[in-house]
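The values are calculated or read from the model by the stated rules, or taken from the named source; none is laboratory data. Note that this is a predicted model, so its numbers are computed, not measured. Every residue, glycine among them, receives a Cβ derived from its backbone with ideal geometry; neighbour counts consider all protein chains shown. Quick note on the areas: whole protein, heavy atoms, side chains included, nothing else; ligands and nucleic acids left out. Shrake-Rupley method; radii C 1.70, N 1.55, O 1.52, S 1.80 Å.
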Amino acid sequence: MEKRTARLTLLIDPEKKSAFEELCKLEDVTPSQRVRQFIREYVEERLGPDWREERKKRS
């Protein structure tokens, strides 16, 4: 679990936002939870599940 948070602001078509919110509601998750999941999956797909450790090694 992440220890800190940072804000990400994005622009999205209002109809798409509404559809996304409805789908999230059906899945009983918040839009923020789903976006965090999408980002987590993308990062792990591209960098691997141990991406945090790799970043620490480079620091």
Condition check: assigned to a loop (DSSP other than H, G, I, E, B) and open to solvent by less than 90 Å² (accessible area, probe 1.4 Å). Does residue 29 satisfy that?
yes
Can you pull out every residue in the stretch 5-22 that is under 30 Å from residue 52 (Cβ atoms), over 14 Å from the mean Cα position of the chain (by Cα) and open to solvent by 100 Å² or more (accessible area, probe 1.4 Å)?
11
